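Q: Sending over a structure as structure tokens; questions will come in a sec.
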Amino acid sequence: MIDSPASPTDTEVAAAAALAGAEIVRARYGRRHSRIDKGAGDFATDVDVAAEEAILDVIRGARPGDAVHGEEGGRRGAVDAVREWLVDPLCGTLNYASGSHLVAVNVALRNGPAAVADPFSGEVFLTDGETAWVQYDADGYGQGQTDVRGRRVADGHASGPVARRRPVGEERLAPTADTRLVDVNLDAPFPGAPAFRAVDLLAHPGFVERFRPRVVSTTLALAWVAAGRRAAYVTDGGDLSGSVHFAAGIALCRAAGCVVTGVDGGPVGPEGRGLVVAADAETHGLLMSLIRGGGRSA
């Protein structure tokens, strides 16, 4: 439901969808949740599923011909659809289920605009594929009063151009390594072991000499690199370019001007492995020298 005949842009659809999911995540925080076992200790909750449905409602309403690949529901839409949205409705499910606010809602059009919403700060990090910025709420997040660039949206449903709450702030993302904080993802699996293990990087004398390690289990940390709140982010893995978890964050960091490669220093893509995102070339070079050194000696 859009209060204007003007068609929303893909960036606006991404933002509206991410905010719709974030509203579900925020509203149901602290309640008892049912769990859906995925095996190997992994699970989803009823909140993951509900948030994904809210996101799909927005995308379907604005882009009915597009396919959507959600973490919980898989790929939906026409088999021959040219465009595909990648959706992670609750990145950091274990954090959320244990009462932590360190979660994100990720929505990305494959090879296009993307949005990463923080359900608890009221921030949504956006890219149109060329530039990156953050929109934030100064106060009153979750009070049921939302605007779509000045137009009322009822009941927190972000269904049109970018849903922004009053009062509004917006600023361009500017990566910087000044904090020296580097987030390292320690979640299994560890496909690079024994040649590369992220836990070894944390104990490397050269790493602790130059950086201050942090460990989170959510791709919200990628948005923090783009925003200058983290110097870098490191994770092992396979090709993460088309991952529902990482696609939005990668797009955001690229548009903000971060250095984005795999842990082998090569491009992120079908032939790549893992992810190293740094605020600048110097930070990226330092991390790569430590990774190539095996993470075990200075």
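The values are calculated or read from the model by the stated rules, or taken from the named source; none is laboratory data. Note that the coordinates shown come from a computational prediction; the quantities given were computed from them, not determined experimentally. Cβ atoms come from the backbone with ideal geometry, glycine included; neighbour counts cover every protein chain shown. Quick note on the areas: whole protein, heavy atoms, side chains included, nothing else; ligands and nucleic acids left out. Shrake-Rupley method; radii C 1.70, N 1.55, O 1.52, S 1.80 Å.
Q: Got at least one residue in the range 124-147 being part of a loop (DSSP other than H, G, I, E, B), farther than 21 Å from residue 241 by Cβ, at pLDDT 85 or above and open to solvent by 10 Å² or more (accessible area, probe 1.4 Å)?
A: No - not one qualifying residue is present in the range 124-147.
Q: Only one of these conditions is not met by residue 189: (1) closer than 19 Å to residue 118 by Cβ; (2) open to solvent by 10 Å² or more (accessible area, probe 1.4 Å); (3) not basic (Lys, Arg). Which number is it?
A: Result: residue 189 fails condition (1) only.
Q: Going through 92, 61, 21 one at a time, which residue ends up being among the small types (Gly, Ala, Ser) and open to solvent by 20 Å² or more (accessible area, probe 1.4 Å)?
A: Sole residue among the options that is among the small types (Gly, Ala, Ser) and open to solvent by 20 Å² or more (accessible area, probe 1.4 Å): 61.
Q: Can you tell me which residues in the range 232-261 are in contact with a helix residue (DSSP H, G or I) (Cβ under 8 Å, 6 or more places away or on another chain) and open to solvent by 30 Å² or more (accessible area, probe 1.4 Å)?
A: Passing the criteria: 241, 259.
Q: Return the only residue of 15, 108, 115 being among the aliphatic types (A, V, I, L, M), part of a helix (DSSP H, G or I) and under 17 Å from residue 248 (Cβ atoms). Outline the logic, then answer.
A: Working: 108 fails: part of a helix (DSSP H, G or I); 115 fails: part of a helix (DSSP H, G or I).
From the options 15, 108, 115, the qualifying one is 15.
Each row is one residue, and each column tells you yes or no for (1) over 26 Å from residue 65 (Cα atoms); (2) not aromatic (Phe, Trp, Tyr).
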residue: 89; (1), (2): no, yes
residue: 93; (1), (2): yes, yes
residue: 96; (1), (2): yes, no
residue: 99; (1), (2): yes, yes
residue: 121; (1), (2): yes, yes
residue: 127; (1), (2): no, yes
residue: 134; (1), (2): yes, yes
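Q: Can you give me the number of residues within the range 41-78 that are assigned to a loop (DSSP other than H, G, I, E, B) and more than 16 Å from residue 109 (Cα to Cα)?
A: 3
Q: Looking at (1) in a strand (DSSP E or B); (2) crowded, with 22+ Cβ neighbours inside 10 Å; (3) not aromatic (Phe, Trp, Tyr), which one does residue 38 not meet, given that it meets all the others?
A: (2)
A quick yes/no check of all residues on (1) modelled with pLDDT of 95 or more; (2) touching a Pro at 6+ places or on another chain (Cβ under 8 Å); (3) crowded, with 18+ Cβ neighbours inside 10 Å; (4) not in a loop (DSSP other than H, G, I, E, B):
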site: 196; (1), (2), (3), (4): no, no, yes, no
site: 228; (1), (2), (3), (4): yes, yes, no, no
site: 263; (1), (2), (3), (4): no, no, yes, no
site: 276; (1), (2), (3), (4): yes, no, yes, yes
